[in-house]
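Reviewing the structure listed below.
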Amino acid sequence: MELRFLGRGAAFFPSEGNTAAYIREGNRLLLLDCGETVFARLLNRGVLAGVREVYAAISHLHGDHCGSLGSLALYCFFQLGFPMTVIMPDGQDAYAADLGRLLTLFGVRDAYYRQIPAGEVKGFSAFTRFSYVPTVHDPAMTCFSFVFDTPRGGVFYSADTCRTDELAAFLSSHPQPEALYVEATDADYPGNIHLTLDRLAAAVPRAWMERTYVMHLNGPQCAQKAREMGFSIVPVDAK
Ligand SMILES: [Zn+2]
Ligand SMILES: [Zn+2]
């Protein structure tokens, strides 16, 4: 499954763009997160050219993960001529309501977009199933990782998180994974709401280090340390 990246930075490292990935198959686009820098990069890199269906999954409501979702929804409806589809986690009505409220505040009326549960995302050849998996990041927020079941063993994608429980569960249900995409930071301090590189390394079997892609970089030193430890870094689409 080819995930392409629009950015790989953390909230306070916007020169790398907000961490966001997408799959483009024909005229369909599936987008993972839509932070403040993402809509501009979608446009500037031509990712929306010829698109007729846009699916967006949002891991949580920090601005670097959802800050330009309203602009994308309005652009789909008024410029591209179709309603964007927001993928909602199954059985998480409060989160769905928050996301809907956010779109309302952005001026996106209910008629401008549609919602579907994650279990109903179908028709992409890259994966057979897409799931939201609840995780912990800022304990006061609702946050999710994503899992793709793929013909080649499955893909785990965690934007912001402070723990490896979901990664461990994925590795036990997908013992030969295709790829792991995980946020990590080199900053370690009490109350950290992000995952340190050291804790990520402790959770990833040695054999899978190279196919573990670190993202949501908090600075250049984070990428350097991740590489030295044996991780890969996600490549970002050229401008
Ligand atoms: Zn973030
Ligand atoms: Zn966050």
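What longest region of the chain stays clear of GluC sites (Glu not before Pro) that DSSP places outside H, G, I, E and B and that have at most 15 other Cβ atoms within 10 Å?
For GluC sites (Glu not before Pro) (loop position, at most 15 other Cβ atoms within 10 Å), the longest site-free span of the chain is 3-209.
Report for the range 82-239 the percent antiparallel among DSSP-assigned beta bridges with both residues inside it, nearest 5.
40 percent
Only Cα pairs under 8 Å and at least 6 apart count here; give the relative contact order of the chain as a rounded whole percent.
Answer for the chain is 17 percent.
Loop only by DSSP, 12 or fewer other Cβ within 10 Å of the Cβ. Give me the trypsin sites (Lys or Arg not before Pro) in the range 1-88 that pass, ordered by residue number.
ARG52
For the range 89-113 and the range 1-36, what is the centre-to-centre distance using only Cα atoms, to the nearest Å?
If you average the Cα positions of each part, the centres end up 20 Å apart.
Compute the FRET efficiency between GLU120 and PHE78 as 1/(1 + (r/R0)^6), taking r as their Cβ-Cβ distance and R0 = 25 Å, and round to the nearest 0.05. Could the numbers behind the result be given before it?
Numbers: r = 25 Å, r/R0 = 1.02.
Working from the Cβ atoms, E equals 0.45.
So what's Rg/Rh here for the chain, counting alpha carbon atoms and using the Kirkwood radius for Rh?
Over the Cα atoms of the chain, Rg/Rh equals 0.94.
Given labels modelled 7 Å from the Cα in the Cβ direction, how far is it in nm from ARG52 to ALA40?
About 3.2 nm, to one decimal.
Every number in this text was worked out from the coordinates using simple rules, so none of it is lab data. Fair warning: this is a prediction, and the values are worked out from it, not measured in the lab. Cβ coordinates were reconstructed from backbone atoms using ideal geometry, including for glycine residues, and neighbour counts include every protein chain displayed.
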